Amino acid sequence: MVNAVSRRLLKELKDYQKERNPDLIELSPIQEDNILVWKAVLRGEAETPYEGGHWTLRIEIPKNYPIQPPKMKFLTKICHPNISFKTGEICLDILKAAWSPAWTLQSACMAIRLLLSNPEPTSPLNCDAANLLRCGDFMGYESLVRMYTQLYAMSQTDNEGSA
Amino acid sequence: MSSTPFSPIVRIDRDLPSVVESDSHRLIVRNEERSGVISPSEIASTSTQNSSGNASTSTQISTDVRSLMLPEEIKDKRCWICFGEESDSVGKWVRPCKCSLICHEECLLAWITENQKSTALKKVRCPQCRTLYHLAERASLLLRVFSIVDSTIQSSIPYFTIFGVTFAIAVTNIHYGAYAVITMVGLEEGEKLLEGPWSWRICFTLPLVPILLIFSRARIADPVMPLIPMLFIRYDQLRTTMPLNPSLTISLLPWVRIVYNYSYNRLFGRLEQSWRRQLEPYSVTTDSENGENGNERRRENQDVLDRLDRSNAGRKIIGALCLPFISAMVGSFIGRFSFIRSRVPDTFHRNILGGCLFIVIKDIMNLTYKYQRAKHRRSRHIKNYTEFANEELTSNIR
């Protein structure tokens, strides 16, 4: 079974490397000898409060992947109604009940990137962000998200470049 | 969701793990060219600008022709589950739906098994085209029945939990009620009352005992309290005999309670209020002349008083539940005096009398306590340093 898992993961890696995805800056195993722990770096979508930010995700792959979904969480702090600010846990159905083997690590990362611009404030992991949305305070929500993007998701060089 | 200003371009459909909706985006344009449903595996390539779509262009030719092909006839096979290709994997190839997804039989069976973990015989569909997978399998009638029973039990657990909790509360209440009745009327009488098959009256009233006792301590129950005994009393027993028979006594108690509370408030309400106000950090009485300010402060103080009342809820509930046993204790105590014994011969009435006596004594003590505290507060003043410094000095010299 482990063989089948690593075969699929290697192919996913090859697919990603063959055709670089500008929105997914990095997607690779963290260590050479362990293919079950990956790291991904997402780029925030333009014209959203996440613009300009880079977020690192940690991906843990179960032994019976792709029958079971990978565990993904944000390592970089992010302010989003469906992502825990403290632990980086993500509330997204495709990573839980709606998972199917047709998803890949890359497509799941892209789904998370879409989640960023499509928050679902009715099932929040970050109540403060969700409440702003539920009250209709989009200005407040956007500036809050932008602030945290600048605080945590922009590297030192990026900050200097913008300033 | 779409009302957010940073308008969502693509949304994730809740059921289908595929991107479907899009307003003004190349996603949909590319889809139409290809006349296929985008699978999750293609989200990545479609949302990027420079995707050549090398794998998909080959299928672009005609999905219709492909849909009738057997797995053996398709070239460049790749299992959508394990990503194994013909060259690097072994196993039987199957093509269970009309879309482009083909896979190993073993892989698909593993996926179906994972899906059916919670409920056996659950229907599984292709994640891309939603075609129901057809399995040639031998599911015996017994298995089907078990599967249905299993899923029914699974879904009915919450209801059973609610039922169980309610039942447990009801049983507790009935036990409390029975115990309270036995305490009030005495062991022999009580056993006689609660013996044998219970009538609907007993079934309804016993669990109500603790609830009514608790509500009797709250103002909100005032309008309904006297009506409740009327629902359960047997009218043929309502004869005015001396001494009053138990049914009549019980139905009179709420009225007695209302009259007592009313006259208590009439007599001591204002007095009690003023004493309580004096116990507040800022005494309202001294400030009340200052117009606006005084009013505000009074309102604040009223809030504090209300909060105090609410924080006493636990004390009130426990007090209410203890009432029958305290009444019985006082009842048996006053039963020792022969002149009460001769006038109130039976235990029940003595206990009721004991309860009433207890409440009156308790209220008197409460009032006295409040009065003493208010007096104590009024007598207070802060000593200047010189006053006690001298005292200390003299005591040290000694």
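The values are calculated or read from the model by the stated rules, or taken from the named source; none is laboratory data. These numbers were taken from a predicted model, which means no experiment stands behind them. So basically every Cβ, Gly included, is an ideal-geometry build from the backbone, and we count neighbours across all protein chains shown. To get the accessible areas, we keep the full protein, side chains included, count just its heavy atoms, and leave off ligands, DNA and RNA. Shrake-Rupley method; radii C 1.70, N 1.55, O 1.52, S 1.80 Å.
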Practice item. With a Förster radius of 41 Å, plug the Cβ-Cβ distance of A:Gln31 and B:Val145 into 1/(1 + (r/R0)^6) and report the FRET value to the nearest 0.05. Key: 0.20
Exercise for review: Ignore the peptide's own chain and count Cβ atoms of other chains within 10 Å of each Cβ in B:78-85; give me the average, rounded.
Suggested key: 6
Practice item. Under a cut-off of 17 Å between alpha-carbon atoms, report the lysines in cross-link reach of B:Lys92, not counting same-chain residues fewer than 8 places apart. Key: B:Lys75, B:Lys77
Exercise for review: Any chance you could run the full-extension gain for B:Ser199 through B:Arg373? It's 0.36 nm times the residue separation minus the Cα-Cα distance, nm to one decimal.
Suggested key: 57.5 nm
Review point. If ligands, DNA and RNA are left out, what is the accessible area of B:Leu193 with a 1.4 Å probe, given in Å² to the nearest 10?
Key: 100
Exercise for review: Just reorder A:Ile59, B:Ile174, B:Ile157 by solvent-accessible area, largest first, 1.4 Å probe, all chains present.
Suggested key: B:Ile157, B:Ile174, A:Ile59
Review point. Which value, in Å², gives the accessible area per residue of the stretch A:4-153 when a 1.4 Å probe is used on the protein heavy atoms?
Key: 42
Review point. Mind checking the mean number of beta-carbon atoms from other chains within 10 Å of the Cβ atoms in A:62-73?
Key: 2
**Study point:** Under-24-angstrom lysine pairs by C-alpha in the stretch A:4-153, whenever the two are 8 or more apart or on separate chains
**Key:** 26
Review point. Can you pull the percent of the stretch A:4-153's accessible area that's carbon plus sulfur, 1.4 Å probe, other chains left in place?
Key: 53
Exercise for review: Using only protein heavy atoms and a 1.4 Å probe, report how much of B:Ser147 is accessible, in Å² to the nearest 10.
Suggested key: 20
Check your understanding: Taking the Cα-to-Cβ direction at B:Ser263 and at B:Thr119 and moving 7 Å from each Cα, how far apart do the two end points lie in nm?
Key -> 6.6
Study note, to complete from the structure: chain A, Gaussian network, Cα under 10 Å: of A:Ser100, A:Ser84, A:Ser28, the residue fluctuating most is A:Ser100
Point to revise | 5 Å binning of all Cα-Cα separations within the stretch A:30-79, expressed as whole percents from 0 upward | key: 5, 20, 21, 20, 14, 11, 7, 2
Revision key, fill the gap. Judged on accessible area alone, 1.4 Å probe, highest first, B:Phe388, B:Phe160 line up as B:Phe160, B:Phe388
Check your understanding: When the Kirkwood radius is taken over all Cα pairs of the stretch A:4-153, what Stokes-Einstein diffusion coefficient follows at 10 °C and 1.306 mPa s, in µm²/s?
Key -> 100
Review point. Can you give the calculated 222 nm mean residue ellipticity of chain A, where each DSSP H run of n ≥ 4 adds -39,500 (n - 2.57) and the sum is split over every residue, rounded to the nearest 500 deg cm²/dmol?
Key: -10500 deg cm²/dmol
Review point. Using a Förster distance of 25 Å, how high is the FRET efficiency between B:Met329 and B:Leu271, based on the Cβ-Cβ distance and rounded to 0.05?
Key: 0.25
Exercise for review: Report the accessible area of A:Tyr152, computed with a 1.4 Å probe over the heavy atoms of all protein chains in place, in Å² rounded to the nearest 10.
Suggested key: 100
Point to revise | Model label zone, A:Lys86; criterion: amide N under 20 Å from point 7 Å along Cα-to-beta-carbon; scope the stretch A:33-77 | key: A:58, A:72-77
Check your understanding: Rounded to the nearest 100 Å², what is the sum over both chains of accessible area buried where A meets B, with a probe of 1.4 Å?
Key -> 3400
Check your understanding: Ranked highest first by the average count of other Cβ atoms within 10 Å around their residues, in what order do B:137-143, A:131-137, B:257-263, B:246-252 fall?
Key -> B:246-252, A:131-137, B:257-263, B:137-143
